[in-house]
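Okay, so here's the structure we're looking at.
What follows draws every value from the coordinates through simple rules; no lab data is involved. Please read these numbers as outputs of a predicted model, since none were measured by experiment. Cβ placement follows ideal geometry from the backbone for every residue including glycine, while neighbour counts extend to all protein chains displayed.
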Amino acid sequence: MGVNRRKFLKIAGISTLGVAAKPAADAFGISPTEWLDQKLGGFTVPETLFHFFEKPAGLVPGEALTAKRWAMVVNVRELDEEIAQACTDACHKVHNVPNFDNPRHEIKWIWQEEYEHVFPGQQHEHIDENLKKLPFLVMCNHCFNPPCCRVCPTKATFKRKKDGIVLMDMHRCIGCRFCMAACPFGARSFNWLIPWPRAGEGKFEGKEPPNPEYPTRVKGVVEKCNFCAERLAKGQIPACVEASQKACKKKGREPALVFGDLEDPDSEVRQLLRSNYTVRRKPELGSNPNVYYIV
Amino acid sequence: MLEKAFVGGRKYWILIGILGGIIGVGFIMWLYQFRVGLGITGMGRDVSWGFYIGQFTYLVGVAAAGVMVVLPYYLHHYKAFGRITVLAEFMAIGAVTMCLLFILVDLGNPVRMINVILHPTPNSVLFWDMIVLNGYLFLNVFIGWNVLSAERKGSPPPHWIKPFIYLSIPWAISIHTVTAYLYAGLPGRHFWLTAVMAPRFLSSAFCAGPAILILLCLIVKKTTKFDPGKEQIRTLGSIVTYALILNVFLFLCELFTVFYSQIPGHMHHFHYLFFGHEGHVVRLVPLMWLAFACMTAAIILLVPPVTRRNEGILTVACVLVVIGTWIDKGFGLVVGGFVPNPLEKIVDYWPTVPEALITLGVWATGFLIISLLYKVATSVKLEVGAGEAS
């Protein structure tokens, strides 16, 4: 991120294209095409983000992690608040998730919830006190039959055919928030305000986004967990899973988050599902979540 | 014909000026929202649709209600409504325009709006809503203008307009049905997940729309030399009465299913709207009670013919209908669906001042359009000597 380019973009921004997209160019010195794309609202290069996931720069063929249907098992017994927080922090750092103080404007991809909120209707007054206190990690369920994708008027959110991940094209999203109304799990967040730092208001800790390799967003788009599609493409496991392995190992626990191919009978995920009683959130709605819980 | 909108007395221009002023304030507030983001509204992560979508929903109903005049006139040859079909169509034009504007101000990225056409997605109800609303706007502009032009020339409407008129009848039903489907097909939103949603939408539309039309007709009668007619207003009053009773009946049907089944997920929303939540001061509660008090009072005033045929009482009843249905549909329906949220947490919603000003601005835009079009319509009617009702 050369100063020269940033300066160039700054001048170009002021002189030609008005004020709306200038802060983006100011802050991160993103490439002119990305900037133009933001400015023009995404429809000149509508597949930008899609391509970002499909053909990431520097991908060595054969290096990517692939599956027919990615799934996650959350072993809540192995979680404590510290481990759960480590997972959230890792995810939010890798994906440049902005930090808003106002709970209304909060953006979260993976976070802790209490049992009664994760499985509403399942709680009763004599329930195990320990269960009540467990920090359940919740995220997008990457439903096999996702209601959010059904309602999206622009296909900005879609289920990737090859591995079932529910993705967001944040360059195409018009911000109608129909997907937020449709999601039965409250897994989607909206950028109610500008998510990048402007003069005098640092939304990120520093001036730069924590992960320059991951795109930042414009205001007015919806975002959510993407099962780390961009990391899988580089042969890396999801950031939260990696963080849980580290944090659990330190405490001598089994990994709390396990990720794998649901279609592969030998995958770690399938082994866990075979040997444990697992539940999913709101199965009665038929969205068919791909995130399983061992309680 | 349009030139007639630019000739008017002092009062006319004062009205246009006031509406223009409100539009200006709303527009400036919208620029502020465009720059800062939708965070300036009271909406948030949990209540992600609010006032804007509520107004949109309400006004789709008002627009659809034009059919309550068009249908009796063209399908049942109820001649009396010939005097006011153009008023109903012009009201629909104003209402649909407001609908489209409310969608526009609700979008996080309005500059990308065209993506809905560039990436057409037939499985999205919003895609169909876009089609039916724009189609309905076109139909009403096209039909209203042509029929009025013909009337001005003293000739019957051209024959080729008939298919468009017949098409506009089911089309009106479709706009509100599709709007109901925006809500009624979402898993996990128990408040909206009901087959009675579309019928409820239509019934509330067919009382609210004609009630607004009655009020507009009375204003026209008072401020111009054109009299929309006593019989016309009476018939509209009967339509309001039937539709209002049907609306309350369907609401009671909903209440029965929810509270007799006693499924908690379904009861929560009604509890929240009508009784609030433990320890929560919910500003919506008195409003919801007010809404149903208004509707009940309106039924009491409208059912006996003696009171319904009294123009003063009818006016009061229509105002009550408009207030009641507006709170119920323009506010409670949207917010109630989001609270409690899918995690069964209570997050309150209340519109902010900028949000309210933008909303007012859009309403003023709609009323400006209605004022201009009504000016044209009444001037033409007077020109051809249709001032006095027979």
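Computed values, structure above
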{"quantity": "Pair B:Phe292, B:Phe27: separation of 7 Å Cα→Cβ label points (nm)", "calculated": "4.3"}
{"quantity": "The stretch B:313-372: C-alpha gyration tensor shape, a/c 1.5 cut-off, then a/b vs b/c", "calculated": "oblate"}
{"quantity": "Cα-based helix-to-principal-axis angle, B:51-64 vs chain B, degrees rounded to 10", "calculated": "40"}
{"quantity": "Compactness of the stretch B:275-390 as Cα Rg over 2.2 N^0.38 Å, two decimals", "calculated": "1.49"}
{"quantity": "Protection proxy ranking of B:313-320, A:117-124 - average other beta-carbon atoms within 10 Å, highest first", "calculated": "B:313-320, A:117-124"}
{"quantity": "Distance (nanometres) between label positions extended 7 Å along Cα→Cβ at B:Arg152 and B:Thr315", "calculated": "3.1"}
{"quantity": "Antiparallel bridge percentage (DSSP; both residues within the protein assembly as shown; nearest 5)", "calculated": "80"}
{"quantity": "Cβ-Cβ FRET estimate between A:Gln236 and A:Lys161, R0 fixed at 22 Å, reported to 0.05", "calculated": "0.50"}
{"quantity": "Calculated FRET value between B:Thr257 and B:Trp350, using beta carbons and R₀ = 30 Å, to 0.05", "calculated": "0.55"}
{"quantity": "Principal axis dimensions, the stretch A:47-294 - Cα atoms, whole angstrom, descending", "calculated": "50, 43, 39"}
{"quantity": "At 1.306 mPa s and 10 °C, Stokes D of the protein assembly as shown from Kirkwood alpha-carbon radius, µm² per second", "calculated": "58"}
{"quantity": "Protection-proxy order for peptides B:81-93, A:210-222, each taking the mean of Cβ atoms within 10 Å per residue, highest first", "calculated": "B:81-93, A:210-222"}
{"quantity": "Value of [θ]222 nm, deg cm²/dmol, for chain B, DSSP H segments ≥ 4, -39500 (n - 2.57) each, nearest 500", "calculated": "-24000 deg cm²/dmol"}
{"quantity": "Cα gyration tensor, chain B - rounded (a/c under 1.5), prolate or oblate", "calculated": "prolate"}
{"quantity": "Computed over the stretch B:1-100, Cα set: Rg, Dmax in Å", "calculated": "18.4, 53"}
{"quantity": "Degrees separating the helix B:311-327 axis from the principal Cα axis of chain B, which is the longest one", "calculated": "40"}
{"quantity": "With Cα atoms, 0 to 90° folded angle of helix B:85-106 axis to chain B main axis", "calculated": "30"}
{"quantity": "Partner chain coverage, peptide B:183-196 - average Cβ within 10 angstrom", "calculated": "3"}
{"quantity": "Neighbour-count order for B:Asp129, A:Asp80, fewest beta carbons within 10 angstrom listed first", "calculated": "A:Asp80, B:Asp129"}
{"quantity": "All lysines inside 24 Å of B:Lys79 as judged from Cα atoms, apart from same-chain residues fewer than 8 positions distant", "calculated": "B:Lys153, B:Lys162, B:Lys221, B:Lys222, B:Lys225, B:Lys230, B:Lys375, B:Lys381"}
{"quantity": "Cross-link pairs A:Lys246/B:Lys345; A:Lys68/A:Lys246; A:Lys132/A:Lys162; A:Lys108/A:Lys282; A:Lys133/B:Lys329; A:Lys219/A:Lys251 - those with Cα-Cα distance over 30 Å", "calculated": "A:Lys246/B:Lys345; A:Lys132/A:Lys162; A:Lys133/B:Lys329; A:Lys219/A:Lys251"}
{"quantity": "Average beta-carbon neighbours from other chains, 10 Å sphere, peptide A:212-220", "calculated": "3"}
